[in-house]
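Q: Can you keep this structure in mind? I'll have questions shortly.
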Amino acid sequence: MDEYEVDLRDYLRVLWKGKWIVLITFLVAVGTALALSYSAPKQYQTETSLLILPPLAQEVNGEVGGTVFSPETYKRLALSNDLLQAVIQALYPNGGGPSISSLRSTLRIDIEQTTAKNFPGRFPLYLRATFTGTDPAKIKALAETWAREFTAKNTKLFLSRTAQSYDYIKQNFDDVAKELSAKEEEKTAYQQKNPVTVLQTEVTALQAVYDSYLKELPVKKQELTKKQAYLSSLEYSLKQEPVYFTVERGLSKEALWEFISSGLPAEKLSSLPDLTVKDHVLNDTYVNLREQVAITQAEVEAAKAAVAYLEAQVKETQNVLEKKQAHLVEVENTLNQFDRELKVLTDTYNSLAAKLQEAKIARAETAEPIQTIENPVVPSTPIGPNKKMNVAVAGVLGLFAGVLLAFFAHFLQAGDRTPDGREGNSQPLHSKKAD
């Protein structure tokens with residue numbers, strides 16, 4: 001089997017033979033790098049740094065609490081689409097701004113992690129945002145807007161639970177305060193429309209009238225019964241008495257002497273009837289009884305009217321009294337319901353007031369969770385393009401490319417000639433045949 005060993009001199013010969021290829025390739029690469037470096041726009045860079053502090057406020061339950069996330073979470077929050085969209089809208093309200101992906105490509109987020117063993121913990125995190133661009137003023141505005149939007153968007157996220165609940169408790173407190181005030185006004189209006197004292201006075205007065213009617217009615221009925229009985233007895237007595245009495249009497253002395261003096265003979269005198277006179281005399285008892293019956297009948301009718309009036313008044317007064325009593329009971333029940341609801345609202349109001357005060361204290365004691373510790377400045381010195389680095393890289397790449405082209409050219413030339421100078425295949429120049 002044929003074996004070949006490498007001869008470095010063959011490589012050097014190939015390189016020396018293709019030195020112009022290597023040199024030209026090197027110069028083209030360096031020249032291209034220089035041209036691109038000088039024609040490319042200058043790149044500027046500015047930074048803004050945020051300190052995310054742990055929420056160490058005391059919670060309502062007495063524990064120290066807060067929320068700290070992993071560094072990757074903070075980085076995702078810093079590069080979130082809605083945040084970048086808010087930055088673009090703030091800087092370009094009329095449109096024409098960069099896309100979200102374009103803005104994200106100009107932004108680099110670095111977070112210094114803690115050395116604590118167990119993450120997350122209660123410690124500050126240092127977040128640095130680096131913006132790169134060709135316009136110094138624009139990237140400064142981008143950095144300022146990003147820091148402002150990031151702080152506004154995520155401040156509540158990093159607050160303690162008590163501080164976070166301040167707005168919720170405040171809203172509930174305001175709602176309960178409004179409801180309590182409205183309920184008190186409603187109770188006052190209801191009391192003005194339905195005054196309990198007046199209703200109680202009316203009920204008391206009606207009750208007194210009703211009681212007086214009830215007390216007077218039996219008396220009137222008893223008087224009516226007595227008068228009816230008296231009338232019956234008078235009517236019975238009246239029936240027993242005649243209207244007239246017949247009274248027989250003789251002639252008076254004057255009439256007798258006048259008659260005798262008239263000179264009548266004895267035979268005429270004997271023919272005259274008995275000298276008696278019958279008179280019809282009106283019965284005074286009958287008259288008195290009849291007068292008493294009339295008077296008693298009038299009194300009976302008056303007593304009946306009085307009894308009927310009292311009965312009607314009793315019934316009417318009872319109906320009015322029952323309605324007034326029912327209305328009074330309804331008003332009292334409604335006021336009691338108002339009192340119960342007001343007590344519940346007052347207890348809730350006091351409870352929320354205490355919790356609101358605790359949340360307010362917790363919020364005051366809690367440091368701002370996001371603080372800007374480095375504001376962006378307008379960069380004055382460009383960071384790119386780096387001409388030296390570009391030329392160096394291009395030179396190295398040009399040398400490699402030149403060497404490869406030199407060997408490739410030699411390979412093509414060697415493939416067209418035989419070792420004796422004729423065309424044909426030849427042995428590789430970098431090998432030597434051995435036994």
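Nothing in this text is a laboratory measurement; each read-out follows from the coordinates by a stated rule. In this text, all values refer to a predicted model and were calculated from it rather than measured experimentally. In this analysis, Cβ positions are derived from the backbone assuming ideal geometry, glycine residues included, and neighbour counts consider all displayed protein chains.
Q: On a C-alpha basis, how far is the centre of region 176-216 from the centre of region 312-341 in Å? Whole number, if you could?
A: Rounded to whole Å, the Cα centres lie 8 Å apart.
Q: Taking a threshold of 19 Å on the Cα-Cα distance, which of the pairs 42/138; 220/304; 215/323; 183/343; 42/75; 193/323 fall above it?
A: Distance filter (> 19 Å) returns 215/323; 42/75.
Q: Given a Förster distance of 30 angstrom, what is the FRET efficiency for residue 327 paired with residue 181, based on the Cβ-Cβ distance and rounded to 0.05? Walk me through the numbers before you get to the answer.
A: Numbers: r = 27 Å, r/R0 = 0.92.
FRET efficiency, residue 327 to residue 181: 0.65.
Q: Further, regarding this structure: How long is the gain from residue 194 to residue 17 if the chain were fully straight, where each residue apart is worth 0.36 nm and the alpha carbon distance is subtracted?
A: Result for the pair: 51.7 nm of gain on full extension.
Q: Moving on. By how many nm would the segment from residue 211 to residue 10 grow when fully extended, if each residue of separation counts as 0.36 nm and the alpha-carbon distance is taken off?
A: 58.0 nm
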